[in-house]
Ligand code: BTN
């Protein structure tokens, strides 16, 4: 028999394409190669064009975690996916490092007031069905922020806060276990929402919220179960903001 293994190298070495098949994952066996199974996780050692929220770039060099979780949730779960993801990240950081993690609306995870993780949830919805939802999570684990001056003022890494390196494997395993627990708990109603709300460091603070359309100032009064921020404006009115970026005001 000829030597004909279908390993990644066997397929990509000398492959005459620009993009199809330039990234291949091989499995020993699958139920079907069409359709990633619910819960499939895609991990990259580093990303060269990481995507952030609001069309920003996301820096994820070696030493960080960049992963995506594929889910096929019911439509009603969609707004809760950012809650599941951010809570899972916060819990895994606390479990593995003992550091205290806080959440900044809508889904940043902070350690000592600086961003350590960003989350981007993307989904395809057709009618009242979710074709696919992808939770993308980037965590700064073993990064020296002095090497990344462009983000150093507002970002940190777990190693920087702890003064020692952290096992990415432990964080990933803890994160996936927490995410599964929280995702399954969505069936039990509003407990995930309440846990997320209670961890939001933003609430009660004077903030400025920038969305793609405008910038608003006020007090971050509360959040709604659909994940929106309820901002009390200086004129006393309550504004519901679906997406935006929060900065704390003095
Ligand atoms: C943000 O805070 O702007 C969200 C950042 C999300 C980054 C993660 S890393 C894994 C996944 N792949 C991407 O390109 N982005 C998300």
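Every read-out reported here was derived from the displayed coordinates using simple, explicitly stated rules and does not represent laboratory data. This one's a predicted model, so the numbers in the text were calculated from it and none came from an experiment. Using ideal geometry, Cβ is built from the backbone for each residue, glycine included, and neighbour counts are taken over all protein chains shown.
The modelled label-to-label distance between residue 72 and residue 3, using points 7 Å beyond Cα along the C-beta direction, is 4.0 nm. Taking a ≥ b ≥ c as the square roots of the eigenvalues of the Cα gyration tensor, region 74-116 is oblate, since a/c reaches 1.5 or more and a/b is not larger than b/c.
Summed over qualifying helices (DSSP H, 4 residues or more, each -39500 (n - 2.57)) and divided by its residue number, the chain shows a 222 nm mean residue ellipticity of -6500 deg cm²/dmol.
Rounded to the nearest 0.05, the FRET efficiency derived from the C-beta distance between residue 180 and residue 62 at R0 = 22 Å is 0.25.
Compared with the alpha-carbon gap, the fully stretched path from residue 221 to residue 30 is longer by 63.9 nm at 0.36 nm per residue. Shown here are the Rg and Dmax of the Cα trace of region 91-138, at 14.2, 43 Å.
Between residue 243 and residue 15, the FRET efficiency from the beta-carbon distance, with R0 = 45 Å, is close to 0.70.
With the biggest extent put first, the Cα atoms of the chain measure 79, 47, 34 Å across the principal axes. Global dimensions of region 9-133 from alpha-carbon coordinates: Rg and Dmax equal 17.1, 49 Å.
Compared with the alpha-carbon gap, the fully stretched path from residue 233 to residue 112 is longer by 40.8 nm at 0.36 nm per residue. Cα convex hull, region 151-243: 147 Å³ per residue, rounded to a whole number.
Helix 81-97 and the long axis of the chain differ in direction by around 80°, with both axes built from C-alpha atoms.
Kirkwood hydrodynamic radius for region 104-190: how many Å is it when counted over pairs of different Cα atoms? The Cα-based Kirkwood calculation yields 15.0 Å. Helix 168-185 against the longest principal axis of the chain: what's the angle in degrees, Cα atoms only, rounded to the nearest 10? Tilt relative to the chain: about 70 degrees.
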